[in-house]
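Q: Below are the structure tokens for one structure; questions will follow.
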Amino acid sequence: MQRLLAAAASGAPLLLNERGEGVGFRALLAQAQQFANQLPEGQAVVNLCRSHQAFLVTWMATLLRRQQMVLPSDESGTALDALRQLDSPLCLVNDCEPVAPVAGFSRLQLRLGDLDPHQPLVEDAPALEEDYWRRPDALLLYTSGSTGCPRPQPKSLHQLWQRARTTAAVVLEPGIRRVLSTVPLQHMYGLENGLLLPLVAGLCALDRRPFYPADIAASLSADTLLVSTPGHLRYCFQLPSPCPPAGGMLSATAPLASELALSLEERFDCQLVEVYGSTETGVVATRRTALESLWTPLPGLRVYSDAQHSWLEDENGRQPLSDRLQCGADGRFLLSGRNQDLAKIAGKRHSFAGLTQLMLSIEGVEDAVVFAENDEYSRLSALVVSRLSVQEIRVRLRPLVDPVFLPRPLLKVDRLPRNASGKLPRSALLEALADARASLDESRRKEQSNG
């Protein structure tokens, strides 16, 4: 178990809770040993806990029982339906009230207040057998469903641990002592960088997940690394100047414009590192987006392309990447977009990510997404959060893109249906598009009746 938690030997706190109290390895292990007795025999544990402490206690209890832990993309009906496709029985564990029954699952609520952190330990430092440490499906994460249905991705503890150590060696600046994450721990990016990275590096993870810019700023300091997403970081510009300094920033889950990266570095007086990866691969490469467009793979990883695919090669072999890459002789690469992120209209091509970035570059557009409404990727739709009118947005977009790629329809919404990790599941986008259309039709009917 101590192999999983780097700071255990020193006795340093692994977490800093909302009350500002440090929580160490011994307290977590004592609570995990008590909670392990409540886990049903022979069931995989679906960890839905939101706080770092509850999440870690549940994970450690699962390790003590040598059971599998499952991390769905969220708690939506789509995510739970994906879990029902698994063969093994599942127990949902969360730390929030109330715990409602869910058909097909058993449920447990973890109440940290009922678990004594000072209780004598059954075993001081329980070891994990090598076969369990390297068990290829000790952890099962799900993709976000941004390109369809969530899909399971098995991981070994060894694989996660080693990749987190490699990432920490690349992204951590001297002087960083704490890590603050706005990303759920159920998401691969949040798990790797919001929890495992501080554990392997002996740093303290702040046990909170702020949402509003003011709450993020209140938790920042010059020794804190902020792990976040472009959506959260963009809204940080709502903060009044001067902003508190940060020790560093990580960004992932969506492309980050170089202009935004440079502005964030200046505003928070720190370096911002963008992370490239996926649920399937974990962290693959990094770049300092304010200064460079090329991605550099982590040490020990090789990225290359052939005529059909792009590939990631590591100690475990090679696996295909879902993105189109332009690879250089020095091992670095440019990201050209996802394989399923290509609009093909009238013999011309453009990536949806590129079209979205053009939309976001328009002053007055706060958030936006361009996507395919049909399976042929030939009909473009856009949802936009902006103070500008639709006509003003169209006028400013026309000089930036070929007319065949102008989205039709282009509809304004109050907010995009982003999940907790900043992703836009396709099912949620289609639902938001239908709602926006219905709202527009209703407004037109009212105008006609009043006229």
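The values are calculated or read from the model by the stated rules, or taken from the named source; none is laboratory data. Since the model is a prediction, treat every value here as computed from it, not as a measurement. Cβ atoms come from the backbone with ideal geometry, glycine included; neighbour counts cover every protein chain shown.
Residue by residue, here is whether (1) surrounded by fewer than 20 Cβ atoms within 10 Å (Cβ to Cβ); (2) hydrophobic (A, V, I, L, M, F, W, C); (3) closer than 26 Å to Gln159 by Cβ; (4) not assigned by TED's automatic domain parsing to the domain that holds Val275 holds:
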position: Gly175; (1), (2), (3), (4): yes, no, no, no
position: Tyr189; (1), (2), (3), (4): no, no, yes, no
position: Ile216; (1), (2), (3), (4): no, yes, no, no
position: Leu220; (1), (2), (3), (4): no, yes, no, no
position: His232; (1), (2), (3), (4): no, no, no, no
position: Phe237; (1), (2), (3), (4): yes, yes, no, no
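Q: Among the residues of segment 197-214 satisfying the criterion of being among the small types (Gly, Ala, Ser) and surrounded by 16 or more Cβ atoms within 10 Å (Cβ to Cβ), which is nearest to the chain's Cα centre (by Cα)?
A: Restricting to residues being among the small types (Gly, Ala, Ser) and surrounded by 16 or more Cβ atoms within 10 Å (Cβ to Cβ), the top hit is Ala205.
Q: If I filter segment 292-310 down to residues being small (Gly, Ala, Ser) and surrounded by 14 or more Cβ atoms within 10 Å (Cβ to Cβ), which single residue comes out as nearest to Ala164 (Cα to Cα)?
A: By that ranking, first place goes to Ser310.
Q: Looking at the structure I just gave you, is Arg288 basic (Lys, Arg), touching a residue at least 12 places away in the same chain (Cβ under 8 Å) and over 23 Å from Leu191 (Cα atoms)?
A: Considered against the rule, which asks whether it is basic (Lys, Arg), touching a residue at least 12 places away in the same chain (Cβ under 8 Å) and over 23 Å from Leu191 (Cα atoms), Arg288 comes out as no.
Q: A follow-up question, please. Of the residues Asp81, Asp74, Asp87, which single one is under 26 Å from Gly422 (Cβ atoms) and at pLDDT 80 or above?
A: One residue alone meets the criteria, Asp81.
Q: Let me ask you something else. Looking at segment 166-194, I want the residues that are under 19 Å from Thr143 (Cβ atoms) and have a partner that is among the small types (Gly, Ala, Ser) and assigned to a loop (DSSP other than H, G, I, E, B) with Cβ atoms under 6 Å, at least 6 apart or on another chain. Which pairs are those?
A: Val183/Ser421; Pro184/Ala420; Pro184/Ser421; His187/Ser421; Tyr189/Ala252
Q: Going by what's in this entry, would Ala214 be described as among the hydrophobic types (A, V, I, L, M, F, W, C) and either in contact (Cβ under 8 Å) with a residue 60 or more places away in the chain or more than 15 Å from Glu173 (Cα to Cα) (or both)?
A: So Ala214 passes the test.
Q: Still on this model: Conditions: (1) touching a Gly at 6+ places or on another chain (Cβ under 9 Å); (2) crowded, with 19+ Cβ neighbours inside 10 Å. Glu265 meets all but one. Number of the miss?
A: (1) is the only condition that Glu265 fails.
Q: Somewhere in segment 254-271, is a residue under 17 Å from the mean Cα position of the chain (by Cα) and among the hydroxyl-bearing types (Ser, Thr, Tyr)?
A: Checking segment 254-271: not a single residue is under 17 Å from the mean Cα position of the chain (by Cα) and among the hydroxyl-bearing types (Ser, Thr, Tyr).
Q: Of the conditions (1) exposed (fewer than 14 other Cβ atoms within 10 Å of the Cβ); (2) under 23 Å from the mean Cα position of the chain (by Cα), Ala438 clears all except one; give me its number.
A: Every condition holds for Ala438 apart from (2).
Q: Tell me which residues, restricted to segment 230-271, are hydroxyl-bearing (Ser, Thr, Tyr) and at positive phi. Even if it seems obvious, please write down each step before you answer.
A: Filtering segment 230-271 down to residues hydroxyl-bearing (Ser, Thr, Tyr) leaves 235, 241, 251, 253, 258, 263.
Thr253 - this is the single residue of segment 230-271 that is hydroxyl-bearing (Ser, Thr, Tyr) and at positive phi.
Q: Looking at segment 161-176, which of the residues that are touching an Asp or Glu at 6+ places or on another chain (Cβ under 7 Å) and of a type in the set (A, V, I, L, M) is farthest from Arg84 (Cα to Cα)?
A: Ile176
Q: Please indicate, with yes or no, whether at least one residue in segment 276-291 is acidic (Asp, Glu), surrounded by fewer than 20 Cβ atoms within 10 Å (Cβ to Cβ) and either touching a strand residue (DSSP E or B) at 6+ places or on another chain (Cβ under 9 Å) or more than 25 Å from Leu160 (Cβ to Cβ) (or both).
A: yes
Q: Follow-up question, since we're still on this one. Residues in segment 348-375 that are among the hydroxyl-bearing types (Ser, Thr, Tyr), more than 19 Å from Ser427 (Cβ to Cβ) and at pLDDT 85 or above: how many?
A: Within segment 348-375, residues that are among the hydroxyl-bearing types (Ser, Thr, Tyr), more than 19 Å from Ser427 (Cβ to Cβ) and at pLDDT 85 or above number 1.
Q: Select from segment 177-187 the residues that are within 20 Å of Cys236 (Cβ to Cβ) and among the polar types (S, T, N, Q) and write down the one among them that is surrounded by the fewest Cβ atoms within 10 Å (Cβ to Cβ). Before the answer, list the steps.
A: Initial filter on segment 177-187 (within 20 Å of Cys236 (Cβ to Cβ)): 178-184, 187.
From what's left, among the polar types (S, T, N, Q): 181-182.
On the way: Ser181: 26, Thr182: 23.
It comes out as Thr182.
Q: For segment 373-409, give me the residue count where each residue is among the aliphatic types (A, V, I, L, M) and surrounded by 19 or more Cβ atoms within 10 Å (Cβ to Cβ).
A: Residues in segment 373-409 being among the aliphatic types (A, V, I, L, M) and surrounded by 19 or more Cβ atoms within 10 Å (Cβ to Cβ): 6 in total.
Q: If you don't mind, another one. Can you report the number of residues in segment 246-269 which are outside any helix (DSSP H, G or I), in contact with a strand residue (DSSP E or B) (Cβ under 9 Å, 6 or more places away or on another chain) and charged (D, E, K, R)?
A: Selection size over segment 246-269: 0.
Q: Residues that are of a type in the set (Val, Ile, Thr) and within 25 Å of Leu233 (Cβ to Cβ): list the strands (runs of 3 or more DSSP E) wholly contained in segment 273-319 that include at least 2 such residues.
A: 282-287
Q: Having 1 or more residues that are of a type in the set (Gly, Ala, Ser) and farther than 23 Å from Leu160 by Cα is the bar; report the strands (runs of 3 or more DSSP E) wholly within segment 20-121 that clear it.
A: 106-109
Q: Further question: When you scan segment 213-245, how many residues do you find that are of a type in the set (Gly, Ala, Ser), outside any helix (DSSP H, G or I) and touching a helix residue (DSSP H, G or I) at 6+ places or on another chain (Cβ under 9 Å)?
A: Residues in segment 213-245 being of a type in the set (Gly, Ala, Ser), outside any helix (DSSP H, G or I) and touching a helix residue (DSSP H, G or I) at 6+ places or on another chain (Cβ under 9 Å): 2 in total.
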